[in-house]
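S.K.: Okay, handing you the structure first.
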Amino acid sequence: MSDTENQSGNPDFSSILDARLSRRSLLKGSLAAAAASYIGGGLLLSAAGDAKAAMRQLKLAFSAVPKSLADAVQLPPGYSYSLLLATGDPIAAGVADYANDGSDEAGSFARRAGDHHDGMHFFGLGSGDQRDPRATSRGLLCINHEAVTAAFLHPKGQTIADGRRISDQEVLKEMLAHGVSVVEVERSGRQWRVRRDSRFNRRITSFTDMELSGPAARSRLLVTRYSQTGTRTRGTLANCANGHTPWGTYLTCEENWAGYFRRLPDDDARRSPRELVAFRRYGVGGKGKELWATVQPDTADNRYGRWDAGVRGTSADGSDDYRNAANTYGWVVEIDPFNPESTPRKRTALGRFAHEGAWPGPVVAGEPLVWYMGCDSRGEYIYKYVSSARWDPADAGKGMAAGDKYLDDGKLYAARFNADGSGDWLELKLGMNGIMRDGSPYAFTDQADVLIHARLAADAAGATKMDRPEWGAVNPRNGEVYMTLTHNQNRGPEQVDAANPRSYTDARAGKQGKGNVNGHIIRWAEQDGRVAATRFRWDVFLFAARESADRERVNLSALTAENDFSSPDGLWFSQSGLLWIETDDSAYTDTSNCMLLAAIPGQVGDGGKRDVPNSDAGGERRVSTQVGAEATASTLRRFLVGPVDCEITGLAESPDGRALFVNIQHPGETTKGEDFNLANPSTYLSHWPAGGQARPRSATIVITRDDGGMIGADFA
Ligand code: FEO
Ligand code: CA
Ligand code: CA
Ligand code: CA
């Protein structure tokens, strides 16, 4: 195997491994074998025994950070962080520093970092401005900006009168603060910074022109005044988590887009019964988050009115209004960060739902490619997409043309988790698995309709309702897939099943949550390690819980003060094989702000069968499930605690593993409480990162180790 065979966009760990291996002369050891398999041929699948041995060699290299309610980023001794890019920071030469008092000119956000930093990926950049997966001192960082904390963007918060936004400039600023940033970053010593004058720097926003690509393009369901052929749309929104491709492009995923569309109750009379079923299933109905559609007068190109998904025109097909606009959101969007002029493409073959992210699985020459995806809402599904084309390493670096080949033609599946620990991938295809033209409550017309209404197709197929699927991550050493199920207060004792087995009452004083309050992390192994398999085996890797919770019913993974957590959300593997877990919590926040933990994972089946007792007034209901090995201080430790009222999300590393990029999202977000008064900074829950009386900001931080080593772990 040659080095050039690994053309994936994955960061490259060879430098660290090479250094360790040569220093310790372990060249004939199992670690060397495992590392060579990974580096040479993509993700390791065949040498599972070697991988297991290698896993044992990875050791956590930090002491656990205590839980904290402080308004600060806390790290273990021996680690430090610096601020890289905060909300409003300029990403182009000549743009003024961010004032952070609401006075910054709205249009300037087209050249500033957006708000609510979320999913993220690092693409190595070599000399000659070429993609170089091994580049360790220069790269392109793609960062999602999921939403805004509107109060802090404007001088006096949002100006609203009679249920309408009356400042078009405020709305323009909010619309530009959503989307994606592409920024060039470079390292000098251990210090990383954004190059403001880089030709690669780019903002993609809710204004950026996008192509609708794949099997649903040209569907009559995608026709709008903007694109009467149903082949284009304007903008991306609610960019939550992310993914990437082995040819070096970024995938940004549209999650909570449905709420932004305004569709008032009087529209129902103008819609077909099928449309109403679909709107209900996707939550398109209401006044519209942030009320963007209410700005009057609208512009000639419907800058604001396009957020109104009601029937406003007289056409039969929607070509004179935006009644179908919501169908052009909810997709996985491909962006080529190396080509700033390229038009992003919404890849419809991957289905439309509340996309958290799209995580690539093993990349093997001659095999199909796979992306795992979750739909983050209570009781929603886990999906995977398998390309029809088989991976040809010669396609690396071909940008959007490679995307056309691998992301526009493939099979979409939803997951069914069986009680016995097996699982099935159910193909979402018209005429199969109960997805029918005469289906009820929804009759599908064609495969485009199936993809546009993937949730309804997965309903028909009988996929398993999960406790809010958030991030997925694929173990680079064995191809096993992990996915967080953040929590589900609606999971009553009567609804538990093997894959979502807990329903309990949380001990939090004054705010007793019920259901699966703290969430869990599920994982699975594809049959025979093949990404195209339609069968898998699963277990529950970890149950989140407060350490004091009952170990028979709640704290099933035996968490302790060093590693207890709640509401896992972000999940990400370093190429070392270290698994990182990020939280987005509001249950255990009486005890700690949100956090980042590091885990050394085992593998599916390393625990055993377990009966989980659930009880309520109606009596006890036991459910049998499969669990991973209990956590210990050497397999799971808290690495970071964030500032007040933030979410920890987004992770990326430099290809040598010596810099870890982390997003601190919306510190002090809960600004709507009765005590909040924008004019009185002492009522802000957080002032991070600036401190003092400052308005809080989301930001990307970079963590390095004081001895220059790999973040979080060492190879023993
Ligand atoms: Fe944007 Fe499900 O988190
Ligand atoms: Ca999330
Ligand atoms: Ca979340
Ligand atoms: Ca959030």
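The values are calculated or read from the model by the stated rules, or taken from the named source; none is laboratory data. Everything numeric in this text was worked out from a predicted model, so none of it was measured. Because the Cβ atoms are built from the backbone with ideal geometry, glycine has one as well, and the counts that use them run over all protein chains shown. Only protein heavy atoms, including side chains, enter the accessible area calculation; ligands, DNA and RNA are left aside. Shrake-Rupley method; radii C 1.70, N 1.55, O 1.52, S 1.80 Å.
S.K.: Grab the beta carbon distance between residue 167 and residue 670, set R0 = 22 Å, and tell me the FRET efficiency rounded to 0.05.
M.R.: Details: r = 24 Å, r/R0 = 1.07.
Here the calculated transfer efficiency is 0.40.
S.K.: Something else about it: Taking Cα centroids, how far is the range 241-278 from the range 559-605 in Å?
M.R.: Their Cα centres are 29 Å away from one another.
S.K.: Here is a further query. When the Karplus curve 6.51 cos²θ - 1.76 cosθ + 1.60 is applied with θ = phi - 60°, which whole-Hz ³J(HN,Hα) does each residue of the range 411-419 get, with x for Gly and Pro?
M.R.: Karplus-based 3J(HN,Hα) across the range 411-419 equals 10, 10, 10, 10, 9, 10, 9, 7, 5 Hz.
S.K.: I would also like to ask the following. Given H placed 1.01 Å from N in the peptide plane, which residues other than close sequence neighbours of residue 261 have an amide H under 5 Å from its amide H?
M.R.: Excluding prolines and chain starts, which carry no amide H, the hits are 289.
S.K.: Give me the net charge of residue 589's neighbourhood, meaning all other residues with Cβ under 12 Å from the Cβ of residue 589; Lys, Arg count +1, Asp, Glu -1. Working shown, then result.
M.R.: Working: positive: 67, 508, 511, 546; negative: 506, 584, 585, 590, 645, 647, 669.
Local charge sum for residue 589: -3.
S.K.: Determine, from the Cβ-Cβ distance of residue 394 and residue 610 and an R0 of 51 Å, the FRET efficiency 1/(1 + (r/R0)^6), rounded to the nearest 0.05. Kindly include the intermediate steps, with their values, before the conclusion.
M.R.: Working: r = 47 Å, r/R0 = 0.93.
Once the sixth-power term is evaluated, E becomes 0.60.
S.K.: Add +1 for every Lys or Arg and -1 for every Asp or Glu among the other residues with Cβ under 10 Å from the Cβ of residue 264, and state the total. Write down the numbers at each step before the final one.
M.R.: On the way: positive: 262, 263, 287; negative: 266, 267, 268, 308.
Value of the local net charge: -1.
S.K.: Give the long-range amide H neighbours of residue 491: residues separated by 5 or more places, or on another chain, with amide H under 5 Å away, using H modelled in the peptide plane at 1.01 Å from N.
M.R.: 516
S.K.: Counting only Cα, what are the radius of gyration and maximum Cα-Cα distance Dmax of the range 485-642, in Å?
M.R.: Expressed in Å, the Cα Rg and Dmax of the range 485-642 come to 15.4, 49.
S.K.: Can you list the HN-Hα couplings for the range 380-395, worked out from phi with the Karplus curve (6.51, -1.76, 1.60; θ = phi - 60°), rounded to whole Hz and with x for Gly and Pro?
M.R.: Taking θ as phi minus 60°, the curve returns 8, 10, 9, 10, 9, 10, 10, 5, 6, 6, 8, 5, 10, x, 5, 7 Hz for the range 380-395.
S.K.: Please figure out what share of the DSSP beta bridges in the range 536-686 is antiparallel and state it in percent, rounded to the nearest 5.
M.R.: Working: 29 of 30 bridges.
In the range 536-686, DSSP labels about 95 percent of beta bridges as antiparallel.
S.K.: Could I ask something else about it? Where a ≥ b ≥ c are the square roots of the eigenvalues of the C-alpha gyration tensor, would you call the range 619-681 rounded, which needs a/c under 1.5, or, failing that, prolate if a/b is larger than b/c, or oblate? Don't skip to the answer; put the middle values down first.
M.R.: Values: a/c = 3.22, a/b = 1.27, b/c = 2.53.
Here the range 619-681 falls in the oblate category.
S.K.: Under the rule a/c < 1.5 gives rounded, and otherwise a/b versus b/c splits prolate from oblate, where does the range 572-632 land using the Cα gyration tensor? If you can, show how the numbers build up before the last one.
M.R.: On the way: a/c = 3.62, a/b = 1.30, b/c = 2.78.
Oblate, because a/c is 1.5 or more while a/b does not exceed b/c.
S.K.: Shifting gears a bit: Using the basic label-point model (7 angstrom from Cα toward the beta carbon), what is the residue 497 to residue 272 distance in nanometres?
M.R.: The modelled label-to-label distance comes out at 3.0 nm.
S.K.: In addition: Could you tell me what percent of the accessible area of the range 599-716 is made up of carbon and sulfur, with a 1.4 Å probe and every protein chain present? Could the numbers behind the result be given before it?
M.R.: Details: 1940 of 4180 Å².
The value for the range 599-716 is 46 percent carbon and sulfur by accessible area.
S.K.: From zero outward in steps of 10 Å, how is the percent of C-alpha pairs of the chain spread across the bins?
M.R.: 3, 15, 27, 29, 19, 6, 1, 0
S.K.: Find out how many positive minus negative residues lie around residue 315, taking Lys and Arg as positive, Asp and Glu as negative, among other residues whose Cβ is under 14 Å from that of residue 315.
M.R.: Numbers: positive: 220, 225, 270, 312, 323; negative: 317, 320, 321.
After counting each charged neighbour, the total is +2.
S.K.: A follow-up question, please. Using 0.36 nm times the number of residues separating residue 714 and residue 694, minus their current alpha carbon distance, what extension gain do you get?
M.R.: Working: separation 20, 0.36 × 20 = 7.20 nm, distance 3.81 nm.
Stretched fully, the residue 714-residue 694 segment lengthens by 3.4 nm.
S.K.: Using the Karplus equation 6.51 cos²θ - 1.76 cosθ + 1.60 (θ = phi - 60°), what ³J(HN,Hα) coupling, rounded to whole Hz, does each residue of the range 477-493 give in order, writing x for Gly and Pro?
M.R.: Result, rounded to whole Hz: 8, 9, x, 5, 10, 10, 8, 7, 10, 5, 3, 7, 5, 8, 7, x, x.
S.K.: Hey, could you pull the Cα Rg and Dmax for the range 180-330, both in Å?
M.R.: 18.1, 64
S.K.: Summarise the accessible area of the range 326-473 (1.4 Å probe, protein heavy atoms) by the percent that is carbon and sulfur. Please list the in-between numbers first.
M.R.: Values: 1830 of 4110 Å².
Percent of accessible area from carbon and sulfur atoms in the range 326-473: 45.
S.K.: Find how much the distance from residue 512 to residue 188 grows on full extension, using 0.36 nm per residue of separation minus their present alpha carbon separation; answer in nm with one decimal.
M.R.: Values: separation 324, 0.36 × 324 = 116.64 nm, distance 4.90 nm.
The residue 512-residue 188 span can extend by a further 111.7 nm.
S.K.: Shifting gears a bit: Skipping prolines and chain starts, which residues have an amide H placed within reach, meaning under 5 Å, of the one on residue 73, given they are 5 or more residues away or on another chain?
M.R.: Under 5 Å from the amide H of residue 73: no residue qualifies.
S.K.: For q values of 0.18 Å⁻¹, compute log₁₀ I(q)/I(0) with the Debye formula on a Cα-only model of the range 426-536, without solvent.
M.R.: So the normalised log intensities are -1.02.
S.K.: Counting heavy atoms of the protein chains only and a 1.4 Å probe, report the per residue accessible area for the chain as a whole number of Å². Mind dumping the intermediate values first?
M.R.: Numbers: 24370 Å² over 716 residues.
Averaged over the residues of the chain, the accessible area is 34 Å².
S.K.: Then there's this: Separation of the range 403-439 and the range 499-533 by C-alpha centroid, Å?
M.R.: 22 Å
S.K.: Kindly identify the range 596-716 as rounded, prolate or oblate by the Cα gyration tensor criterion: order the square roots of the eigenvalues as a ≥ b ≥ c, call it rounded if a/c is under 1.5, otherwise compare a/b with b/c, prolate if a/b is larger, else oblate. Show your work: numbers first, answer last.
M.R.: Details: a/c = 3.73, a/b = 1.26, b/c = 2.96.
Since a/c reaches 1.5 but b/c is at least a/b, the shape of the range 596-716 is classed as oblate.
S.K.: What's the extension gain from residue 82 to residue 218 if we count 0.36 nm per residue and subtract their Cα-Cα distance?
M.R.: Working: separation 136, 0.36 × 136 = 48.96 nm, distance 4.65 nm.
Difference between extended and current length: 44.3 nm.
S.K.: On a C-alpha basis, how far is the centre of the range 638-716 from the centre of the range 279-311 in Å? Whole number, if you could?
M.R.: 33 Å
S.K.: In nm, give the distance between the simple-model label positions of residue 679 and residue 315, each being 7 Å from the Cα along the Cα-to-Cβ direction.
M.R.: 4.8 nm
S.K.: Separation between the residue 621 and residue 560 pseudo-spin-labels, each 7 Å from Cα along Cα→Cβ, expressed in nm?
M.R.: With each label point 7 Å from Cα toward Cβ, the separation is 3.5 nm.
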